[in-house]
Amino acid sequence: MADILITTTENFPFDWANLESYRDSFACRKEIYLKEDDNVIENLIFLFHYLFQSHEKEMVIYNKSWWDFCLDTWDVNKEEYNYDVEGKSLETQEYFKILGDSKIQIGYSGCCKCSNLDKFLSVILKCIINHIAPYSPLFCAIEDEFFFYFHHTGSIGVYYKSENQSIKSILSKASNKFLVTD
């Protein structure tokens, strides 16, 4: 079974979000940081499940360009993208394997569902924490109108249209175990 499946929701689901500059979105924003910096990848996976467990089945993951996620896909000398695994970091090779096994075509831009979140998170978080990728794809809870992404600082940025009951619950849980800032 593929780890990533293309969904019928191809475009990013929120018209209030500015994908060029998240901070310019017509939305509220919170940053949720880990309090400890040991085992960052494991702790971010725990944070994900702890805060978003009730949304995992409905969540779609958006990426403007799935194959361009890792920085070492850009060939500076030729000024073009290169998707050969040769010469790529181990993290990029592992990420490419997930995409290839899932039959995500080069150039695909849009939403996917993930059937193995722990495996996917482990791979993308290694890329992010090791500075192979600047930040994660966007995880979207369409019904509750919020999205978030992982950042190399050991945090997630959450953007939401309004402080609905779901967001209140997530932020309340976050403030019990993590550092929440504006």
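What follows is calculated from the coordinates using simple rules that are stated; it is not laboratory data. Treat the numbers as computed from the prediction; the structure is a model and nothing was measured. Positions of Cβ are generated from backbone atoms using ideal geometry, with glycine treated the same way; all protein chains shown enter the neighbour counts.
Among the numbered conditions (1) in contact with a helix residue (DSSP H, G or I) (Cβ under 7 Å, 6 or more places away or on another chain); (2) within 19 Å of Met59 (Cβ to Cβ); (3) outside any loop (DSSP other than H, G, I, E, B), the only one that Val180 does not meet is (2).
In the stretch 55-73, the condition of being part of a strand (DSSP E or B), of a type outside the set (Val, Ile, Thr) and more than 19 Å from the chain's Cα centre (by Cα) is met by no residue.
Matching residues to (1) part of a loop (DSSP other than H, G, I, E, B); (2) more than 24 Å from Leu90 (Cα to Cα):
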| residue | (1), (2) |
| --- | --- |
| Leu121 | no, no |
| Lys126 | no, no |
| Ile132 | yes, no |
| Asp144 | yes, yes |
| Phe147 | no, yes |
| Phe150 | no, no |
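Filtering the stretch 49-81 to residues that are under 19 Å from Leu19 (Cβ atoms), in contact (Cβ under 8 Å) with a residue 60 or more places away in the chain and in contact with a strand residue (DSSP E or B) (Cβ under 9 Å, 6 or more places away or on another chain) leaves Met59, Val60, Ile61, Tyr62, Asn63, Trp66, Phe69. Conditions first: (1) touching a residue at least 24 places away in the same chain (Cβ under 8 Å); (2) closer than 25 Å to Tyr33 by Cα. Cys112 passes all but one, so which condition is the exception? Only one criterion in (1) touching a residue at least 24 places away in the same chain (Cβ under 8 Å); (2) closer than 25 Å to Tyr33 by Cα is unmet by Cys112, namely (2).
All of Lys88, Lys103, Lys97 fail the test of being assigned to a helix (DSSP H, G or I), among the charged types (D, E, K, R) and either buried (at least 17 other Cβ atoms within 10 Å of the Cβ) or out of contact with any Lys or Arg (no Cβ under 6 Å at 6 or more places or on another chain) (or both), apart from Lys97.
Restricting attention to the stretch 4-33, the residues that are touching a Cys at 6+ places or on another chain (Cβ under 8 Å) and among the polar types (S, T, N, Q) total 3. Of the residues making up the stretch 11-39, those that are within 11 Å of Gly157 (Cβ to Cβ), among the charged types (D, E, K, R) and not in a strand (DSSP E or B) number 1. Looking at Ser25, is it surrounded by 15 or more Cβ atoms within 10 Å (Cβ to Cβ) and over 16 Å from the mean Cα position of the chain (by Cα)? Yes; evaluated as a whole, the condition is true for this residue.
Hey, could you check the stretch 156-168 for residues that are in contact (Cβ under 8 Å) with a residue 12 or more places away in the chain and part of a helix (DSSP H, G or I) and say which is surrounded by the fewest Cβ atoms within 10 Å (Cβ to Cβ)? This residue is Ser166.
Checking each residue in the stretch 139-155 for being more than 12 Å from Tyr62 (Cβ to Cβ), within 9 Å of the chain's Cα centre (by Cα) and buried (at least 23 other Cβ atoms within 10 Å of the Cβ) picks out only Phe150. Filtered by the rule that a residue be closer than 18 Å to Asp37 by Cα, out of contact with any strand residue (DSSP E or B) (no Cβ under 8 Å at 6 or more places or on another chain) and among the hydroxyl-bearing types (Ser, Thr, Tyr), the stretch 121-174 gives a lone residue, Ser122.
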